[in-house]
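Only the coordinates and a few stated rules stand behind these numbers; no lab work does. Just so it is clear, the structure is predicted and the values come from calculations on it, not from any experiment. Cβ sites come from the backbone with ideal geometry, for glycine too, and all protein chains shown count toward neighbours.
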Amino acid sequence: MYLTDEEKSILNGEHGEGNMKAMELLVALGKAFDAEKLIPVSRAHVALSGQEGDTYWCELLVNGGATCKVPPTTNPSWDVENLTKLYEVTPEERELGERTIDVYRRIGAKLTFCCAPGLATNVPFMGEHIAFSESSATPYVNSVLGARSNRESSVSALAAAVIGKTPYYGFHLDENRAGEFIIDVDAQMNDPYDWGILGYSVGKLAGSRIPVLRFKNLERRPRPEDFLYFGAEAATSGAVAMYHFVGITPEAPTLEAAFKGKPVPASAEAFIDQKALNEQEAHISVGETGKINLVMLGCPHYTYEQLLSVEKLMNGRHVHSETAFWILSSIDAIELAERSGLRARLDSLGVQLVADTCIDEPCWKSFEGALGVTDSPKCAYYRERRGQPFVVRRLSKCIDAAVNGRVE
Ligand code: F3S
């Protein structure tokens, strides 16, 4: 792998221990994937999760004198100010949360604590080389915005942010962005939930391949939230980091363009219709119904428009007295909701907004032992892993469940 003299000097430790560790990681990654060289990145996003390994890595770099050349935005951590006053966390969990925030601040990250950076806080242009971790963010920036990122881990994204470079392989190269197989779709796609169920089905078919979707009878073009929920679920059931929608996403104006000069398959490998999506939906959710103690939305973080949809569907009704209704969102959307009066209106109905946090943070364990409801298969997947069964329903049904205190 070719390294410039400056890169060699970083690798030799002449720029400090922290930079050396970051460069060692990038070079090892580059060698593993046969990268010919490193290339500059103009943006980074780090999926800091508060998992001890990620925090340890950041401490290793910062204690070795490293800071970020390209300040990365960050994934949700936890909301120290609000949630931990309401819900209990252990002293060890609190200490790890505080350590994580402190060390990412010291390394020079932009503490946005949002898992949808491509929608607002860190929006790359077409063709920009970037290093994004967070499985729902990477498909969005690659496919919808045409930027170029590999499916980074929080460790490799942070190394790229420190050095300002990433190995030149994978989705940075034109030929690796070509579609690999076709899926035909003919189904009603009305909202982010429908797109999420489609994404879940596509992820299972694709694995880590690049699917090319052809739509019949699509009534409207997908909106940013639709793309976000599609990609989040395709990266949950599979490992999709890039996809093409023919005639919709920027690198697929035509079917031929989606395959970038490679042979176009004579026929689709799969066909997804409404019946297939209904079956997928039934399969995703735990079979239970009945009393619930939590409705949780915002995985990935809800936008302001999604918060408005919640208010519309609540239609003046109040959340059941024994049910908590939390929506996770970005600080930007919540501040806007506050300024516009939307937060107060939702609050008066019992709908609570929270910024900066993730459905996988330890404070939510207070709800374990009873049934939860969400509109996100990704949320259900993570919460069930933690020990709380979650029923997956479309937004209107989640809201009915919140009002009735039970799910049907
Ligand atoms: Fe965001 Fe956490 Fe879900 S990072 S996408 S809320 S698992």
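Summary of computed values
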item: Isolated Cys in the chain, by beta carbon distance under 4.7 Å; result: Cys58, Cys68, Cys114, Cys115, Cys358, Cys363, Cys398
item: Residues with amide H under 5 Å from that of Leu371, placed H, sequence gap 5 or more; result: Asn293
item: Region 196-261: GluC sites (Glu not before Pro) falling in loop per DSSP and having at most 13 other Cβ within 10 Å; result: Glu219
item: Efficiency of FRET from Cβ geometry, Ile39 and Asp273, R₀ 41 Å, rounded to 0.05; result: 0.45
item: Amide H within-cut-off set for Leu48, under 5 Å, with H built and near neighbours excluded; result: Asn75
item: The chain: most fluctuating residue of Leu349, Leu26, Leu228 per GNM, C-alpha cutoff 10 Å; result: Leu349
item: Under Karplus coefficients 6.51, -1.76 and 1.60, residue-wise ³J(HN,Hα) of region 212-223 in Hz, glycine/proline x; result: 10, 9, 10, 9, 10, 6, 6, 7, 8, 5, x, 9
item: Förster-model FRET efficiency, 30 Å R0, Asn404 and Asp186, C-beta, rounded to 0.05; result: 0.35
item: Residues Ser321 and Arg385, FRET efficiency given R0 of 30 Å [Cβ-Cβ distance, rounded to 0.05]; result: 0.55
item: Helix-only CD estimate at 222 nm, as mean residue ellipticity for the chain, using -39500 (n - 2.57) per DSSP H run (n ≥ 4); result: -11500 deg cm²/dmol
item: Residues whose placed amide H lies under 5 Å from that of Leu213, excluding near-sequence neighbours; result: Ile183, His244, Phe245, Val246
item: Spacing of the two label points (7 Å from each Cα toward its C-beta) at Thr289 and Leu308, in nm; result: 3.4
item: Those GluC sites (Glu not before Pro) in region 1-86 that DSSP places in a loop and that have at most 15 other beta carbons within 10 Å; result: Glu14, Glu36, Glu81
item: ³J(HN,Hα), Karplus 6.51/-1.76/1.60, whole Hz, each residue of region 138-152, x for Gly, Pro; result: 5, x, 5, 5, 5, 8, 8, 9, x, 6, 10, 9, 7, 7, 6
item: Stokes-Einstein D for region 129-235, Kirkwood Rh over Cα pairs, 37 °C, 0.692 mPa s (µm²/s); result: 225
item: Sparsely packed trypsin sites (Lys or Arg not before Pro) within region 318-378, loop by DSSP, other Cβ within 10 Å at most 13; result: none
item: Solvent-free Debye scattering, log10 I(q)/I(0), computed from the Cα coordinates of the chain at q = 0.07, 0.08, 0.11, 0.12 Å⁻¹; result: -0.33, -0.44, -0.82, -0.97
item: Alpha carbon convex hull of region 359-400, volume per residue in cubic angstrom; result: 63
item: Most mobile listed residue (Ala333, Ala44, Ala160) in the chain, GNM with C-alpha springs under 10 Å; result: Ala333
item: Calculated P(r) of region 250-370 - Cα pairs past 20 Å, %; result: 62
item: Relative contact order [Cα under 8 Å, 6+ residues apart], region 301-367, whole percent; result: 38
